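Nothing in this text is a laboratory measurement; each read-out follows from the coordinates by a stated rule. Just so you know, these numbers come straight off a predicted model, no measurement behind them. Glycine also receives a Cβ, built like all others from the backbone with ideal geometry; neighbour counts cover every protein chain displayed.
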Amino acid sequence: SLKGIILVGGPSVGTRFRPLSMDCPKPLFPIAGQPMIYHHVSALAKLPGMKEILVVGFFENSVFDRFLTEVQMEYPDVPIRYLREYQALGTGGGLFHFRDQIARGAEQFFVLNADIACSFPLAGMLQTHAKHGGVATLLGMRVDRSVASKFGCVVADPETQEVLHFVEKPESFLSDMISCGIYLFNRGIIDVMRDAIQERQSRLMDEGEGETDDLRGGAERFQLEQDVLSRLTSAKKLYAHICTAGKDFWMQIKTGSSVIPANRMYLQHFLHAAPRKLSNAPRPSMSEIMTATSPVTPHSPQDPTTAYVIQPAYIHPTAVLHPTAKLGPNVSIGPRVLLGRGVRVRDAILLDSVEVKNDSCILNSVVGWDSKIGSWCRVEGAPGESTALNATLKGYKIPSATILGKDVTVADEIAIRNCIVLPHKDIKTSQHNEILM
Ligand code: GTP
């Protein structure tokens, strides 16, 4: 039988995700209408033989309460729990710390990084794993050579898929195949981890660092990638399952701007794989909501009074869209969003209770919770454009998207292009390539 582990990190991780992480823990940020790790849970819970899903990190316990309750209702047969590390133990340390709970009653377990968007070809990984008889299978993907060295790089035997070399973020080019941060392990991996820890401890002792924090408080802290995968490679026990080009997708979600392509990838994927996850259901009209005395129910599918939607799009059933608004493709609209007359939204995420007044246009942007955009505004990101600037501004990389934090107000007739706006700002003049603190 199987288990699934999702590594979510903690509040100190994810600073590149500001300002969005200021008002929502990164693993719960909504992408394609669902919290980031909902997509992981949903892929794991569907596997035959899945016994339990464990979310491992160092956030407060209460952070995941509501998420776990909701997702548990959808998958009542697979228990889902949060296990809290007493401090950041690294990607391997947490697994080792909770090894008894992880291995109890499970022969194999998946480990998934939280900060990725993926088609999760887990069934294929299980098949590959069964064939080679190693201890571990990683998910590999080919990427452009120019970016490969930012990831864990893998050289695999083309016949057997045995991993011959694994180097985390190599200094020079090693391979265009990278590790996606998705692994399938036999329970034997726990012994490999134990060996890795012991070796590391005796090395630290030899180096005379016996009294450093690293050995006392941090003795349990270690990384799966550096400490365990290379060890497995030397032992010839690591194999790769490679993503199918054109069918699978994968990307990392590190910066705030990366949620826009992640949202697009999931929505495009659902178009074929799970159309029921997209919202085709029409919503009530603005006048009905305004005049209703009791909750308004969605219209029948033929109703002409709802906005023009180009799929794929996710629209929460409580959003209110003017019939002349035009949305999509690649748009996620959160609960209680209000879009006025003639509003245009494309490649964007609008979070809960955002209000956009008439004739405004939102492209390649994330609009934070409760923000208010006036009429005739243009909120826009130009993907690729700002890379020419290749600069950092006040510690932020200049974004190729516009990101408005929570509760931002934009006055009428304002243009905002490639800006990051921190929560609670009032914007009264047009802005380009700025970080607005
Ligand atoms: P960088 O952020 O550029 O270093 O990239 P990376 O992909 O190597 O990130 P990292 O290995 O830090 O994180 C991979 C996943 O593990 C992410 O989903 C993190 O949230 C999670 N993670 C990182 N550190 C810890 C930790 O100490 N404990 C737990 N439980 N999860 C962690």
Can you tally the net charge around residue 339? Count Lys and Arg as +1, Asp and Glu as -1, for every other residue whose Cβ sits under 10 Å from the Cβ of residue 339. +3
Which of 333, 420, 310 moves most in a GNM of the chain, Cα contacts under 10 Å? 310
Translational diffusion coefficient, Stokes-Einstein: compute it for segment 1-88 using the Kirkwood radius over C-alpha pairs as Rh, at 20 °C and 1.002 mPa s, and state it as an integer in µm² s⁻¹. 160 µm²/s
Over the chain, with a Gaussian network built from C-alpha contacts below 10 Å, which listed residue (340, 188, 94) shows the highest mean-square fluctuation? 188
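Taking the beta-carbon count within 10 Å as an exposure proxy, list 132, 272 from fewest neighbours to most.
So the ranking, lowest neighbour count to highest, is 272, 132.
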Would you calculate the volume per residue, in Å³, of the smallest convex hull containing every Cα atom of segment 113-164? 110 Å³
Just 59, 222, 173 to compare: in a GNM of the chain, with alpha carbon springs under 10 Å, which one fluctuates most? 173
Could you rank the peptides 25-35, 161-171 by their average count of other C-beta atoms within 10 Å per residue, with the highest value first? 25-35, 161-171
Under the Karplus relation with 6.51, -1.76 and 1.60 and θ = phi - 60°, whole-Hz ³J(HN,Hα) for segment 53-64, x at Gly and Pro, equal 10, 10, 9, 10, x, 10, 6, 3, 4, 5, 4, 9
Sticking to Cα atoms, compute the Rg of segment 127-212 to one decimal and its Dmax as the biggest Cα-Cα distance, whole number, in Å. 15.9, 47
Tell me, what ³J(HN,Hα) does each residue in segment 309-316 have, in order and in whole Hz, if you take phi through Karplus 6.51 cos²θ - 1.76 cosθ + 1.60 with θ = phi - 60° and put x for Gly and Pro? 10, 9, 6, x, 8, 10, 10, 5
Rounded, prolate or oblate, given the Cα gyration tensor of the chain, with a/c below 1.5 counting as rounded? prolate
What are the extents of the Cα atoms of segment 28-142 along their three principal axes, in Å, largest first? 41, 32, 31
Can you bin segment 58-108 into rounded, prolate or oblate? Criterion: square roots of the alpha carbon gyration tensor eigenvalues sorted a ≥ b ≥ c, rounded for a/c under 1.5, prolate for a/b above b/c, oblate for the rest. oblate
At 1.567 mPa s and 4 °C, plugging the Kirkwood radius over alpha-carbon pairs of segment 83-156 into Stokes-Einstein gives what diffusion coefficient in µm²/s? 87 µm²/s
Loop-only check: which trypsin sites (Lys or Arg not before Pro) in segment 1-84 are DSSP coil with at most 13 other Cβ within 10 angstrom? 46
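Can you give the local net charge around residue 51? Use residues other than it whose beta-carbon is closer than 15 angstrom to its beta-carbon, Lys and Arg +1, Asp and Glu -1. Could you put the intermediate results ahead of the total?
Values: positive: 3, 46, 81, 104, 187; negative: 52, 77, 100, 107.
Neighbourhood net charge equals +1.
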With +1 on each Lys and Arg Cβ and -1 on each Asp and Glu Cβ, and nothing else charged, work out how big the dipole of the chain is about its Cα centre, in Debye to the nearest 20. 880 debye
